[in-house]
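Undergrad: What follows is a single structure, and I will ask about it in a moment.
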């Protein structure tokens, strides 16, 4: 009684004589590989253009897109005439300082309905001229 596992032998595959010949013909007919589509001065110009895009244009576009996305909560609050618009704007600015960690909170706050404000003032919307501190300065100039 032999308890050792039996070892399977690999089945030999038939080697066709024409595979070597086909490989040699395919290698002879293959085109030469080139590192770039361009050569000479054109390659230098393309590389310079790519460097400008990667080093200057892409970071500036990325920062611009980041800032546009970052002010979305305050734009939403302005459109919905949210009574805590100034606080949402402040939270967006603080979120820039804290690496965007507060941005989801500002986003949620802009979409919430101010229930306590409605209980206190009878409405959950503030007219546009009362929503910002900058309009107070304009109102003071009109009175004088």
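All of the numbers you see were taken from the coordinates with simple rules; none came from a lab. Fair warning: this is a prediction, and the values are worked out from it, not measured in the lab. Note that we place each Cβ from the backbone using ideal geometry, even for glycine, and neighbour counts take in every protein chain shown.
Undergrad: Testing the spin-label approximation: label points 7 Å from Cα along Cα→Cβ at residue 116 and residue 68. State their distance in nm.
TA: Going by the 7 Å Cα→Cβ label model, 3.6 nm.
Undergrad: Express in nm, to one decimal, how much length is gained between residue 60 and residue 105 on full extension, taking 0.36 nm for each residue of separation and deducting their alpha carbon distance. Please list the in-between numbers first.
TA: Details: separation 45, 0.36 × 45 = 16.20 nm, distance 2.62 nm.
Here the answer is 13.6 nm.
Undergrad: Sort 93-104, 70-81, 43-54, 23-34 by the packing proxy (mean of other Cβ within 10 Å over each peptide's residues), most packed first.
TA: For the peptides 93-104, 70-81, 43-54, 23-34, the packing ranking is 70-81, 93-104, 43-54, 23-34.
Undergrad: How far apart, in nm, are two points set 7 Å out from the Cα along the Cα-to-Cβ line at residue 52 and at residue 123?
TA: For the pair residue 52/residue 123, the computed spacing is 5.3 nm.
Undergrad: Something else: Which distance in nm do the two modelled labels at residue 41 and residue 20 give, with both placed 7 Å along the Cα-to-Cβ direction?
TA: Roughly 5.1 nm, to one decimal.
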